[in-house]
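This report refers to the structure that appears directly beneath it.
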Amino acid sequence: MSLVTCSGFPRIGIKRELKRALESHWRGETDADALLDTARTLRKRHWRLMADAGADVVPCNDFSLYDHVLDTAVLFDVIPERYRPVFSENTLDGYFAMGRGHKRGGHDLHALEMTKWFDTNYHYLVPELSANQRFALNGDKPLAEYLEAQAEGHRARPVLLGPVSFLLLSKTVDGSDRLALLDALLMPYVDLLGRMADAGVDWVQLDEPCLVLDLDDDDRAAYRHAYTTLAAARSPHVLLASYFGALDANLALAVSLPVAGMHVDLVRAPAQLDAVLDALPAGWVLSAGVVDGRNIWRSHPDRVMPLLRKAHPRLGDERLWIAPSCSLLHTPIDLEPETSLDPPRRASMAFARQKIEELRVYADALAGQPEAEAALVAQQVLLDAQMQASGVADPAVRSRLRSLGAQASLRRSGYAARRAIQSQTVPLPLLPTTTIGSFPQTDDLRKARAAHRAGRLDDNAYEQLLKDEVERVVRFQEHIGLDVLVHGEPERNDMVEYFGEQLDGYLFTKLGWVQSYGSRCVKPPVIWGDIARQAPMTVAWSSYAQSLTGRPMKGMLTGPVTMLQWSFVRDDLPRETVCRQIALALRDEVRDLETAGLHVIQIDEPALREGLPLRRADWPVYLAWAVECFRITAGGVRDSTQIHTHMCYSEFNDIIEAVAAMDADVISIETSRSRMELLDAFVRYRYPNGIGPGVYDIHSPRVPDSAEMLDLLHKALDVLQPEQLWINPDCGLKTRDWPEVEQALGHMVATARQLRSTLAASVG
Ligand code: GLN
Ligand code: ZN
């Protein structure tokens, strides 16, 4: 029978046990042994769970206390000098110093840079390399976890990030070439694989997710060299794993490597199966990733079985393995405790555990077991019935979307005309100042929200508390002299959840946690039906805030692309269709805000960039619909209404044209951490509309002084016109505390005034 395998499992624990253990260890409440105990218990529990669900082979070394890329760096001794003193005092402290910084015992170390793991919402730590980097095998984590699994009676497969992806995901701090380090890096790999072979490991999974990216000749040569070198040494059989997309142009490269099998993603890229089967060398194993490792829906047997039925006759039981599309790291663990979900809805969902159960059924059905075949028929019937269930398709939404003309995504006039009109409706000084939306979420606010949720604080008392907070935020902004005010968003728990809760088509889980980075988890809302808005969502708060002041108040919304990107999205409609539905619902909200007297409305799109496809050739299509959805949201208002947007997470240089195509009147954008690197884009491209490159890095407790802000603004004025420049922080202030915010915004307003008078003097 085909083996059911799994390429990785969530680490955090169903009740986020790892998070709690980590955080109590970091607070100094528990020692390392307690933490390592929890980790061992979780591994053991998860292996048991996978085996009971029907996995023949379980992964090991997929577990991590913080991040698997960080583990790989430490395993090969890629430890920057600054952390070495902490490591020599205590290895675990050193490891966490790299992951999250270290401020103790005379050390003051910042963490490694963190960035998104491909197009997921998981963040990995970027290893730092330099030209004379040395590598060595440091410890034996993969082997130790293999032996641990074996002792528990499991057949285990160690998972290890492959050498080429490891280098491509790293950065050099001295501008040298990462791939030049390949030979040196291969030595400890050879060492480790040899030890695995000695210990009786039969297969090792080398993850090479970079195989789904655009590769150049040097990258391809690195792959050939790396795997030829590894093949010459003693090693278990190597399963070369790619995921998150199609191998496409890299397929020929992958099958030319001297390994024993490969894993491919047939959920993101089912169409590659034919080419893969044709190219697969004789004797190779194919691990078919047929169940979505990145979403929470049950698989459709009528999509999966044809793939397996095509592969099976050509490969036979021995050479066809069945697996999730990628590591299950990106899904929650178990649906079982989600007892509050509507039963039929719940029956169409699968978390990590249920996904392995599904794989078991597929393997059994492939082997001709009648019960399994019947289960798949039943599953397909259930999913088909769910598609017809009420709420899945909303005829009004569908027909509105169908009749949506091109006109909907166009403002009535171009930017220049709007600008002239807005200077009447929203008169502002040169270099207007504003903020991104949220103000500090104090402990009192968080406690009140929790008490309200738990029913310990009644609606009226809670509302009064929020009103008081809005008033305080408004008075503060008036007092320090900001030009465009915000209400501070105290009523929002989370910028996606807040809207999801008020829209049809969304549902929420109790324990649907997914690791975002380190101990931090997110619980993405689930989009299961057509999105519709029953009633205004933000108008009451924004109008209340506007009623308190004569200055312009910004209405504040989360944009359609971000709503999509940070949710689990239904798999029966194209993502762009779901995004358009959200855009329509938000468009109505924007118009209601306008009618309610808000002349400035901000539509946040912090996640626009992270939705970019992994391959550049796919960028234009994505950017076209993402930009269009933003424009649909914004397009229904009069010229006199000033539309703002906000984006963070830097790196907009390569999509600046698309950002401009959004045609927001004003964009505020993160730049201060990169010392305004973004502005390089404006040397080659003249950004047309209003723009506020952030001058205050809100990710740090540091309060920048006026001189620093002035310096950033002068850089901005080298490439932007004074008339288009706005002055604002990098992002929302909710994670900061009041004293920092008071100081930083005080400096910001003072800087604006100073610069205004300098500019006036130079003109006059
Ligand atoms: N308006 C939001 C806030 O200020 C924007 C958050 C974000 O960019 N991630 O909190
Ligand atoms: Zn932001």
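For the range 62-93, give me the residue count where each residue is over 26 Å from the mean Cα position of the chain (by Cα) and in a helix (DSSP H, G or I).
The total comes to 12.
Pick from ALA385, ALA448, ALA367, ALA396: which is more than 16 Å from ligand 1 (Cβ to nearest atom) and either open to solvent by less than 50 Å² (accessible area, probe 1.4 Å) or without any contact (Cβ under 8 Å) to a residue 24 or more places away in the chain (or both)?
ALA448
When the range 260-271 is examined, which residues are found to be open to solvent by 20 Å² or more (accessible area, probe 1.4 Å) and either touching a strand residue (DSSP E or B) at 6+ places or on another chain (Cβ under 9 Å) or not in a helix (DSSP H, G or I) (or both)?
Within the range 260-271, ALA260, VAL267, ARG268, PRO270 meet the criteria.
Quick one: which residue in ALA634, ALA607 is at pLDDT below 95, aliphatic (A, V, I, L, M) and either open to solvent by less than 10 Å² (accessible area, probe 1.4 Å) or more than 19 Å from the chain's Cα centre (by Cα) (or both)?
When all the criteria are applied, what remains is ALA607.
Looking at the range 707-721, can you tell me whether even one residue there is under 30 Å from GLY636 (Cβ atoms) and within 16 Å of ligand 2 (Cβ to nearest atom)? Break it down stepwise before answering.
Restricting attention to the range 707-721, the residues satisfying the condition of being under 30 Å from GLY636 (Cβ atoms) are 720-721.
Among the residues that remain, those that are also within 16 Å of ligand 2 (Cβ to nearest atom) are: none.
No, that holds for no residue.
So how many residues does the range 655-670 have that are more than 16 Å from ligand 1 (Cβ to nearest atom) and either in a helix (DSSP H, G or I) or within 12 Å of HIS599 (Cβ to Cβ) (or both)?
Adding up the residues that qualify gives 7.
Is there a residue being open to solvent by less than 30 Å² (accessible area, probe 1.4 Å), in a helix (DSSP H, G or I) and not hydroxyl-bearing (Ser, Thr, Tyr) anywhere in the range 638-654?
Taking every residue of the range 638-654 in turn, none turns out to be open to solvent by less than 30 Å² (accessible area, probe 1.4 Å), in a helix (DSSP H, G or I) and not hydroxyl-bearing (Ser, Thr, Tyr).
Can you name the number of the only condition in (1) more than 16 Å from ligand 2 (Cβ to nearest atom); (2) modelled with pLDDT of 95 or more; (3) in a helix (DSSP H, G or I) that TYR498 fails?
Here TYR498 meets the rest and fails (1).
Which of the residues spanning the range 175-188 are modelled with pLDDT of 95 or more, surrounded by fewer than 20 Cβ atoms within 10 Å (Cβ to Cβ) and not aliphatic (A, V, I, L, M)?
The answer is SER176, ASP177, ASP183, PRO188.
Quick check, is GLU628 over 25 Å from LYS116 (Cα atoms), more than 16 Å from ligand 2 (Cβ to nearest atom) and either assigned to a helix (DSSP H, G or I) or modelled with pLDDT under 95 (or both)?
Values: over 25 Å from LYS116 (Cα atoms): no; more than 16 Å from ligand 2 (Cβ to nearest atom): yes; either assigned to a helix (DSSP H, G or I) or modelled with pLDDT under 95 (or both): yes.
Criteria not met by GLU628.
Of these, MET196, MET262, MET187, which one is in contact with a Leu (Cβ under 9 Å, 6 or more places away or on another chain), over 28 Å from TRP321 (Cα atoms) and of a type outside the set (Ser, Thr, Tyr)? Full working, then the answer.
Numbers: MET196 fails: over 28 Å from TRP321 (Cα atoms); MET262 fails: over 28 Å from TRP321 (Cα atoms).
Of the residues listed, the single one that is in contact with a Leu (Cβ under 9 Å, 6 or more places away or on another chain), over 28 Å from TRP321 (Cα atoms) and of a type outside the set (Ser, Thr, Tyr) is MET187.
Tell me the residue from ARG345, ARG449, ARG360 that is in contact with a strand residue (DSSP E or B) (Cβ under 8 Å, 6 or more places away or on another chain), at pLDDT below 95, away from ligand 2 (no atom under 16 Å from the Cβ) and not in a loop (DSSP other than H, G, I, E, B), please.
Testing whether each residue is in contact with a strand residue (DSSP E or B) (Cβ under 8 Å, 6 or more places away or on another chain), at pLDDT below 95, away from ligand 2 (no atom under 16 Å from the Cβ) and not in a loop (DSSP other than H, G, I, E, B) leaves just ARG345.
Which of the residues that make up the range 121-134 are open to solvent by less than 10 Å² (accessible area, probe 1.4 Å) and either free of Cβ contacts under 8 Å to residues at least 12 places away in the same chain or within 9 Å of the chain's Cα centre (by Cα) (or both)?
TYR122
Of the conditions (1) touching a residue at least 40 places away in the same chain (Cβ under 8 Å); (2) within 14 Å of ligand 1 (Cβ to nearest atom); (3) out of contact with any strand residue (DSSP E or B) (no Cβ under 9 Å at 6 or more places or on another chain); (4) not β-branched (Val, Ile, Thr), HIS646 clears all except one; give me its number.
Going through the list (1) touching a residue at least 40 places away in the same chain (Cβ under 8 Å); (2) within 14 Å of ligand 1 (Cβ to nearest atom); (3) out of contact with any strand residue (DSSP E or B) (no Cβ under 9 Å at 6 or more places or on another chain); (4) not β-branched (Val, Ile, Thr), HIS646 breaks only (3).
With respect to LEU465, is the statement that it is surrounded by fewer than 22 Cβ atoms within 10 Å (Cβ to Cβ) and within 14 Å of ligand 1 (Cβ to nearest atom) true?
Here the answer is no, as LEU465 does not meet what is asked.
Within the range 576-593, identify whether any single residue is surrounded by fewer than 23 Cβ atoms within 10 Å (Cβ to Cβ) and either within 19 Å of VAL470 (Cα to Cα) or free of Cβ contacts under 8 Å to residues at least 12 places away in the same chain (or both), and answer yes or no.
Among the residues of the range 576-593, not one is surrounded by fewer than 23 Cβ atoms within 10 Å (Cβ to Cβ) and either within 19 Å of VAL470 (Cα to Cα) or free of Cβ contacts under 8 Å to residues at least 12 places away in the same chain (or both), which makes the answer no.
Looking only at the range 8-23, how many residues end up being open to solvent by less than 60 Å² (accessible area, probe 1.4 Å) and in contact with a Leu (Cβ under 8 Å, 6 or more places away or on another chain)?
Count: 11.
Please go through the range 491-521 and pick out each residue that is of a type in the set (Phe, Trp, Tyr), open to solvent by 10 Å² or more (accessible area, probe 1.4 Å) and within 13 Å of ligand 1 (Cβ to nearest atom).
TYR498 - this is the single residue of the range 491-521 that is of a type in the set (Phe, Trp, Tyr), open to solvent by 10 Å² or more (accessible area, probe 1.4 Å) and within 13 Å of ligand 1 (Cβ to nearest atom).
As an exercise: evaluate PRO337 against (1) part of a loop (DSSP other than H, G, I, E, B); (2) in contact with a helix residue (DSSP H, G or I) (Cβ under 9 Å, 6 or more places away or on another chain) and give the number of the one condition it does not meet.
Among (1) part of a loop (DSSP other than H, G, I, E, B); (2) in contact with a helix residue (DSSP H, G or I) (Cβ under 9 Å, 6 or more places away or on another chain), the lone unmet condition for PRO337 is (2).
Do we find that TYR462 is part of a helix (DSSP H, G or I) and in contact with a helix residue (DSSP H, G or I) (Cβ under 9 Å, 6 or more places away or on another chain) in this structure?
Values: part of a helix (DSSP H, G or I): yes; in contact with a helix residue (DSSP H, G or I) (Cβ under 9 Å, 6 or more places away or on another chain): yes.
Answer is yes for this residue.
Taking GLY488 and the conditions (1) within 16 Å of the chain's Cα centre (by Cα); (2) crowded, with 16+ Cβ neighbours inside 10 Å; (3) within 16 Å of ligand 2 (Cβ to nearest atom), which numbered condition does it fall short on, given that it satisfies the others?
Only one criterion is unmet by GLY488, namely (1).
Restricting to the range 732-762, count the residues that are of a type in the set (A, V, I, L, M, F, W, C), closer than 17 Å to PHE439 by Cβ and either open to solvent by 30 Å² or more (accessible area, probe 1.4 Å) or at pLDDT below 95 (or both).
Within the range 732-762, residues that are of a type in the set (A, V, I, L, M, F, W, C), closer than 17 Å to PHE439 by Cβ and either open to solvent by 30 Å² or more (accessible area, probe 1.4 Å) or at pLDDT below 95 (or both) number 0.
Mind listing just one residue for me: the one in the range 671-712 that is part of a strand (DSSP E or B) and over 15 Å from LEU755 (Cβ atoms) and, of those, nearest to ligand 1 (Cβ to nearest atom)?
For the range 671-712, the residue satisfying everything is ILE691.
Identify the residue in the range 399-427 that is closer than 30 Å to GLU491 by Cα and surrounded by fewer than 18 Cβ atoms within 10 Å (Cβ to Cβ) and, among all such residues, is farthest from ligand 1 (Cβ to nearest atom).
PRO427
The values are calculated or read from the model by the stated rules, or taken from the named source; none is laboratory data. Note that the structure is a prediction, hence the values are computed from the model and not measured. Reconstructed Cβ throughout: ideal geometry from the backbone, glycine too, with neighbour counts over all protein chains shown. Accessible surface areas use protein heavy atoms only, side chains included; no ligands, DNA or RNA. Shrake-Rupley method; radii C 1.70, N 1.55, O 1.52, S 1.80 Å.
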